[in-house]
Amino acid sequence: MSELIPIILDVSSYILILVLVALGLMIVFGMMGVINMAHGELFMIGAYVMVAAQNLGLPFLAGIILAPIIVGFLGLLIEAALIRHIYLRPLDTILATWGLSIALKQLVVLTFGPESHSVALPVDGSLELGAFSYPLYRLILMAASILLIGGTFWLFTRTDFGLLARAVIARPNTAASLGIDTRRMYRWSFVIGTALAGLAGALVAPIISVDPQMGLGYLVPGFLSILVGGAGPLAGVLVGGAVVGGVNNLLAVWISPVAALITVYIIAILIIRLKPEGIMGGRRAK
Amino acid sequence: MLEIENLAAGYGEALVLRDFSCRIAPGKVTALMGRNGMGKTTLMKTIMGLIRVKSGRIMFDGTAIEKLPTHHISRIGMGYVPQGREIFADFTVAENLRLSLLGHEGGNVLPIEQIYDWFPILKERAEQRAGTFSGGQQQILAIARALIGGPKMLLLDEPTEGIQPSIVHDIGAQLSRIARETGLSILIVEQNVDMVRTLADEVLFMENGAIQERCDIETLRQDDSLLHRYLSV
């Protein structure tokens, strides 16, 4: 049993980070029809903000605060320069943001070099309970992720901003004819989505190796989570993230990473074949 | 109030409205009648900025609105009740109304009590999901949602479509009362002759993307040959 608990915790923390990444993706896709291929790079830049903060001798917490601000601001620039012109044209958004992802990756290579970096753990200790021992930072990471996921759900289901956002998703034209500035809603939702990616990257930086290619490893399972869970209700991301992240991580430990990936894709294909809208349903018919 | 000059608009390359002109007087209820496919809904959507204007001019209360974004047109006082009502089915009644309040924040919004006074059913069922409403109740909600922004003019696109006759009459009478009390101008697209007779002061007949005839409601009451010609009823 004591061997099982760390595995379950590992899987859970991976799922939570995956859900954080996928949440940002889904806000942007569900709301604006923008498939943001650069989302993984925004996540990566969040991690590099931690590297830069560490190099500058800033405290860990400063990096955690700076990452979503810097990446969110980058999101604002990307929205104004690029995304604004291609709303609701999914195919164009794939091309444009894919190009953007290459550019961002190269920018990071030029600035930080192609090699991988590591970020020191802010807390070294482990939680010891009898025979069970688990790194403290991973527990903090899980708690922070749960808070963030909960906060995002709260923002989109309990606040006026969320009411407006959900109205714009469901019926953009009707929302506009009620005086709601849909473009402004798109812009701030995009910024929230990118800031979330940046924060997720910053949080996860101390437990992974930070390199320019790290984005893809979260983008692909992030997209799979949305496909499997359904892009409609926010809860779809939770279910999708749990299925994709859970299967991937458990099988990677028990069998092999390759077998895990093959299984994840087979399950994803089966679910998409049997329930094209995803487990929790897709965007509602207009 | 609303002056449209030489308007051309449509979908993609296909123009539905060509050289369309008309004037809608303030403080009156004007009904726009015509067979399906004559461009009535296109006209409504074009006024609201939901369809791009190819050429021509739309003046609303002294402002040229043909290039403004939809939310801006709404905020300067154009209320819109679209065809098919388009209420937010998953939201509660109160949330549907709140959306319009948020959209018109800082503007000339009506107090919610005023809305509840006009339509008591919305108060009784404020916390009910709007999707559980009947067609007529949804229509009332859609109208209330447009009114709460304090519009100077209300565009109503086929409000009686798919609604039982008893409620049609109630809605007509209530709208008539609101228009009289508040001086609200209404432009209503309608096929239902009873509704037009209850509500309208003036009737425009539209065919092939242009106004062919206009008459006041008294003329229509005495002589329904226009109805035969333009609606084949």
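Looking at segment A:79-155 from every direction and averaging, what is the projected area of its Cα convex hull in nm²? Projected over every direction and averaged, the Cα hull of segment A:79-155 covers 9.3 nm².
Each of B:M206, B:G10, B:M38 was scored by the projection of its Cα onto the charge dipole of chain B, and the greatest displacement toward the positive side belongs to B:G10; charges sit on the C-beta of Lys, Arg, Asp and Glu. Across segment B:26-33, computed HN-Hα scalar couplings (Karplus, 6.51 cos²θ - 1.76 cosθ + 1.60, θ = phi - 60°) run x, x, 10, 9, 10, 9, 10, 10 Hz from first to last residue, x flagging Gly and Pro. Taking all Cα pairs closer than 8 Å and separated by 6 or more residues, the relative contact order of chain B comes to 28 percent. Per residue, the convex hull spanned by the Cα atoms of segment A:105-219 amounts to 151 cubic angstrom. Just check segment B:93-189 against the gyration tensor rule for me: Cα atoms, a ≥ b ≥ c as the square roots of the eigenvalues, rounded for a/c under 1.5, and otherwise prolate or oblate depending on whether a/b exceeds b/c. Oblate shape, in that a/c is at least 1.5 and b/c is the bigger or equal ratio.
Sorted largest first, the spans of the alpha carbon positions of segment B:176-233 along the three principal axes are 34, 26, 17 Å. Coupling constants for segment A:194-208 follow from the phi torsions by the Karplus curve (6.51 cos²θ - 1.76 cosθ + 1.60, θ = phi - 60°), and in residue order they are 6, 4, 4, 4, x, 5, 4, x, 5, 5, 8, 3, x, 10, 10 Hz; glycine and proline get x.
In segment B:135-193, the alpha-carbon atoms span a convex hull of 75 Å³ per residue. Measuring max minus min along each principal axis, the C-alpha atoms of the protein assembly as shown give extents of 94, 46, 43 Å (largest first). If you take the square roots of the eigenvalues of the alpha-carbon gyration tensor of segment A:147-199 and sort them as a ≥ b ≥ c, do you get rounded (a/c under 1.5), prolate (a/b over b/c) or oblate? Oblate is the answer for segment A:147-199, as a/c is 1.5 or above yet b/c matches or exceeds a/b. Rounded to the nearest angstrom and listed largest first, the equivalent-ellipsoid semi-axes of chain A from its Cα gyration tensor are 30, 23, 18. For chain A, the longest principal axis of the Cα atoms and the long axis of helix A:39-55 meet at an angle of about 50 degrees. Pairs of Cα atoms in segment B:2-231 fall into 10 Å distance bins, from 0 up to the last occupied one, in shares of 8, 34, 37, 19, 2 percent. Summarising the amide proton neighbourhood of B:K54: residues at separation of 5 or more, or on other chains, whose placed amide H is nearer than 5 Å comprise B:A8, B:A9, B:G10.
Pairs spanning more than 26 Å between alpha-carbon atoms, out of B:K40/B:K67; B:K40/B:K123; B:K40/B:K152: B:K40/B:K123. The label-point distance for A:H85 and B:S134, in a model that sets each label 7 Å from Cα toward Cβ, rounds to 5.3 nm. Normalising the average separation of contacting C-alpha pairs (under 8 angstrom, six or more residues apart) by the number of residues puts the relative contact order of segment A:59-167 at 10 percent. For the pair segment A:147-208 and segment A:17-36, the centres of their Cα atoms are 9 angstrom apart.
Taken together, the values in this text are just the output of simple stated rules run on the coordinates, not laboratory data. Values in this document were obtained by computation on a predicted structure and should not be read as measured data. So basically every Cβ, Gly included, is an ideal-geometry build from the backbone, and we count neighbours across all protein chains shown.
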